[in-house]
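*Asks:* Below are the structure tokens for one structure; questions will follow.
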Amino acid sequence: MSVVFEKTSLLTDKQFHYCPGCNHGIIHRLVAEAIDELVKEGKLEAGNVVGVAPVGCSVFAYDYFNCDMFEAAHGRAPAVGTGIKRSKPDTLVFTYQGDGDLASIGTAEVVHAAHRGEKIATIFVNNAIYGMTGGQMAPTTLVGQKTTTSPYGRDEAWCGAPIKMSEMLSQVPGAYYIERCAVNNNANILKTKKAIKKAFQYQLEGKGYCMVEVLSTCPTNWGLSPVEAIKWLEENMIPYYPLGVYKDKGAAEK
Amino acid sequence: MALTLMKGSEAIAEAAIRAGARFFFGYPITPQTEIPEYMSARMPEVGGCFLQAESEVAAINMVYGAAGTGARVITSSSSPGVSLKQEGISYIAGARLPCLILNVMRGGPGLGSIQASQGDYFQGVKGGGNGDYHLITFAPSSIQEAINLIMIAYEKAEKYRVPVLFLADGIIAQMMEPVEMPEMVEFHVDPEKKPWAATGWKPGDDPAKRAVINSLFINTEDLSAHNDILQATYREIEKNEKQWETYQTEDAEILITAFGTVARVAKSAIDELRAEGVKVGLFRPITVWPFPYEELKAEADRPNVKALLDVECNEGQMLEDVKLALNGTKEVDFFGHCGSQMPTTEEIKCKILAMKEGK
């Protein structure tokens, strides 16, 4: 008998703590499989991987990714990743961050990591809400969306329109590759994995800063079932946050 | 060995490199900007990394990242910048990472001044960031002493897995003195000596050896156990690492306590007073954490000591530790200035003479 499928070795056996219907589990697996494939393809030496976990729902990512891991202060993962990468330039360094972490408290760190062309990759999981603290408004929360700190719906006149990080970072000269994906269906899950792998490959080639934004659901804090949450993401988030490649210097160079 | 005339900030930077520092992350701020400037030129010469961060917040988190790989890392700043670093310092202390942090103190609070001050004593030795932690904190009073302490700083930081802080007032960084610069130390990350560092664990290796650089312990029992380790480490440091200097204490009737540059001013005052027949001595903590409480108490307990005078370039911060050491056994008077005005020899003399006359 031949093995047709096995769990990636880049994930530990620790059971995820994520809520039912949360997309973090899928995205974790995609990141781990992308690394695994690069190792199997001989493009990356096993053990030359370091991940940086954020503060937010994925704060325990260090328990799940089966490699050396750092837990960063809220928003500081790109700075921590910078320190790691400068010390170990041959190591694949990735940060895994949510939208509160990256798009609010950590804007300076992510913009300047991109600006320096830091050879790290960021997996940016955007679910338009603060999950871990219980569903507060994020900079990415959609206009009209109700959260525990925008109980009447986000008012654009009062707190601005949702921030679009992929669009913004694609304007930074040092950013090499920026793509927005989603994991709402099988086709998009495969596309997301391809994007993550591409970001890692660019890093290994020493190209520059790469970010893959992944639109994700939060059924618990959105107050929806997992199936309804996917539908809400498709009907509300994707129109405001269009999927696609925002920057790919690699494609432009070819 | 020949003496070289060097500016404090440059001597401190060179000493750090000779002690094995190969990563510097910082941000310009007066009066320590010569340190990053020096590092930007010197690091490439030794195959090291100088990186100007977008903020002090980012710089200290870069330190967290690089220190977690086992490298010898340094950052420097001055008071308002060190305030910004407190978040990262707390995480570094929590994650038990060795590193070197320089605070070239200027006047405060807020933007304060750009001249020398000792106003960050509380911040340095009583916490600064959140949680129960300490940093080994050196307060050098000459450039040579700063160099010598930097040469042992990484060994101490790595032995105890504790960050080391230098509390140097602006004068230490800005003045020039003849110094003897030690030889370059050979340093390489040894995964055997730093099993906690991220040095390339891979699936299939012993899961217990996977590096997780972290200060989060969500279960209260785990956090409690982690803090027990930290506290046990601090007790060890208190036992082994106190440093202090005494000057003319044997027959002193008034004992001055002072640290850093102020202690040197105090020494001048002591020499002049002794020439006039006034018996004064000095107790100078070199480590302000751990503070040499028992050692100060022993000096103050001499029957000839009538009273103590604490002198600082702040409104009396170390004074609290001096009083803790004395525990009410003798009078402790205070003289100091804020506003970056160094107490002068003349002022200290006047104060001592007034104390003698019971004024």
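Since every read-out is calculated from the coordinates, none of them should be taken as a lab result. Treat the numbers as computed from the prediction; the structure is a model and nothing was measured. All Cβ positions, even for glycine, are placed from backbone atoms using ideal geometry, and neighbour counts span all protein chains on display.
*Asks:* What fraction of the DSSP beta bridges in the stretch B:244-356 is antiparallel, stated in percent and rounded to the nearest 5?
*Replies:* Rounded to the nearest five, the antiparallel share is 20 percent.
*Asks:* Please give the direction-averaged projected area of the C-alpha convex hull for the stretch A:121-246, in square nanometres with one decimal.
*Replies:* Reported value for the Cα convex hull: 8.0 nm².
*Asks:* Quick one: compute the contact order of the stretch B:201-305, relative version, from alpha carbon pairs under 8 angstrom and 6+ residues apart, as a percent.
*Replies:* On the way: 108 pairs, mean separation 30.1, N = 105.
Reported relative contact order: 29 percent.
*Asks:* Something else now. What is the Cα convex hull volume of chain B when expressed per residue in Å³?
*Replies:* 146 Å³
*Asks:* Sort out for me the Cα centre separation of the stretch A:150-181 from the stretch A:70-128, rounded to whole Å.
*Replies:* Cα centroid of the stretch A:150-181 versus Cα centroid of the stretch A:70-128: 16 Å apart.
*Asks:* Tell me, what is the Rg over Rh of the stretch B:1-132, with Rh the Kirkwood radius over Cα pairs?
*Replies:* Reported Rg/Rh, Kirkwood definition of Rh: 0.96.
*Asks:* Rounded to the nearest 500 deg cm²/dmol, what is the calculated helix-only ellipticity per residue at 222 nm for chain B, with -39500 (n - 2.57) per DSSP H run of length n ≥ 4?
*Replies:* Working: 12 runs with 145 residues, N = 359.
Dividing the helical sum by the residues of chain B leaves -12500 deg cm²/dmol.
*Asks:* Same structure again: If the reach is capped at under 18 angstrom between alpha carbons, list the lysines near A:LYS146, excluding any in the same chain fewer than eight residues apart.
*Replies:* A:LYS231
*Asks:* Also, I was wondering about something else. Okay, helix-only estimate at 222 nm for chain A: each DSSP H run of n ≥ 4 adds -39500 (n - 2.57), divide by all residues, round to 500 deg cm²/dmol; what do you get? Could the numbers behind the result be given before it?
*Replies:* Values: 10 runs with 86 residues, N = 254.
After summing the helix terms and dividing by the residues of chain A, the value is -9500 deg cm²/dmol.
*Asks:* To continue, here is another question. Sorted from fewest to most neighbouring beta carbons within 10 Å, what does the list A:ILE120, B:ILE286, B:ILE60 look like?
*Replies:* Ascending number of Cβ neighbours within 10 Å: B:ILE286, A:ILE120, B:ILE60.
*Asks:* When Cβ neighbours within 10 Å are restricted to other protein chains, what is their mean count per residue of peptide B:65-74?
*Replies:* 6
*Asks:* Using alpha-carbon pairs under 8 Å, 6+ residues apart, how would you state the relative contact order of chain B in percent?
*Replies:* 17 percent
*Asks:* What is the list of residues in the stretch B:305-323 whose amide nitrogen lies under 18 Å from a point 7 angstrom out from the Cα of B:SER268, following Cα to Cβ?
*Replies:* Only B:311-314 pass the distance filter.
*Asks:* Along the positive direction of the dipole of chain A (beta-carbon charges: Lys, Arg +1; Asp, Glu -1; about the Cα centre), which of A:TRP158, A:VAL212, A:VAL55 reaches farthest?
*Replies:* A:VAL212
*Asks:* Roughly what would the spin-label model give for B:GLU320 and B:ALA225, points 7 Å off Cα along C-beta, in nm?
*Replies:* 3.3 nm
*Asks:* Just checking the output field for A:71-77: average partner chain Cβ neighbours within 10 Å of each residue's Cβ? Working shown, then result.
*Replies:* On the way: counts 10, 7, 11, 1, 3, 10, 2.
The mean count of partner-chain Cβ atoms within 10 Å per residue comes to 6.
*Asks:* What is the stretch B:242-359 by shape, rounded, prolate or oblate, if you read a ≥ b ≥ c off the alpha carbon gyration tensor as root eigenvalues and call it rounded for a/c under 1.5, prolate for a/b larger than b/c, and oblate otherwise?
*Replies:* In terms of gyration-tensor shape, rounded.
*Asks:* So what is the relative contact order of the stretch A:24-253, in percent, for Cα pairs below 8 Å that sit 6 or more residues apart? All intermediate terms of the calculation are to be shown ahead of the outcome.
*Replies:* Details: 466 pairs, mean separation 44.1, N = 230.
In percent, rounded to a whole number, it is 19.
*Asks:* Report the semi-axes of the equivalent ellipsoid for the protein assembly as shown in whole Å, largest first, where each axis is √(5λ) for an eigenvalue λ of the Cα gyration tensor.
*Replies:* 52, 25, 22
*Asks:* Still on this structure: Using mean Cβ contacts within 10 Å as the protection proxy, how do A:130-141, B:237-248, B:116-127, A:6-17 order, highest first?
*Replies:* So the peptides A:130-141, B:237-248, B:116-127, A:6-17, ranked by packing, come out B:116-127, A:130-141, B:237-248, A:6-17.
*Asks:* Let me ask something else. How do B:PHE23, A:PHE5, B:PHE334 line up, fewest other C-beta atoms within 10 Å first? Intermediate values should be presented prior to the final figure.
*Replies:* Numbers: B:PHE23 25, A:PHE5 4, B:PHE334 17.
In increasing order of surrounding Cβ atoms, one gets A:PHE5, B:PHE334, B:PHE23.
*Asks:* Distance cut-off 20 Å, Cα to Cα: go down the list A:LYS198/A:LYS247; A:LYS198/B:LYS202; A:LYS43/A:LYS207; A:LYS193/B:LYS202; B:LYS242/B:LYS349 and report the pairs above it.
*Replies:* A:LYS198/B:LYS202; A:LYS193/B:LYS202; B:LYS242/B:LYS349
*Asks:* In what sequence, highest mean first, do B:223-236, A:21-34 appear when ranked by Cβ atoms within 10 angstrom?
*Replies:* In decreasing order of mean packing, B:223-236, A:21-34 become A:21-34, B:223-236.
*Asks:* In peptide A:84-92, what is the residue-averaged number of other protein chain Cβ atoms found within 10 Å of each Cβ?
*Replies:* 6
*Asks:* With a sphere of radius 10 Å drawn around the Cβ of B:MET181, what net charge do the other residues whose Cβ falls strictly inside it have (Lys, Arg +1; Asp, Glu -1)? Don't jump to the answer; show the numbers that get you there.
*Replies:* Working: positive: B:ARG18; negative: B:GLU14, B:GLU180, B:GLU183.
Result for the neighbourhood of B:MET181: -2.
*Asks:* Show me the ranking of peptides B:136-147, A:152-163 by mean Cβ neighbours inside 10 Å, starting with the highest.
*Replies:* Answer by packing, highest mean first, reads B:136-147, A:152-163.
*Asks:* When the C-alpha atoms of the stretch A:30-83 are aligned to their principal axes, what extent does each axis show, in angstrom, from largest down?
*Replies:* Largest to smallest, the principal-axis extents are 34, 22, 14 Å.
*Asks:* For the stretch B:1-44 and the stretch B:246-275, what is the separation of their C-alpha centers, rounded to whole Å?
*Replies:* The stretch B:1-44 and the stretch B:246-275 have Cα centres spaced 31 Å from each other.
*Asks:* How big is the antiparallel share of DSSP beta bridges in the protein assembly as shown, given as a percent to the nearest 5?
*Replies:* Working: 18 of 80 bridges.
Of the beta bridges lying entirely in the protein assembly as shown, close to 20 percent run antiparallel.
*Asks:* Then there's this: Report, to two decimal places, the Cα Rg of chain A normalised by 2.2 N^0.38 Å (N = number of residues).
*Replies:* Working: Rg = 17.2 Å, N = 254, 2.2 N^0.38 = 18.0 Å.
So the Cα radius of gyration is 0.95 times the expected 2.2 N^0.38 Å.
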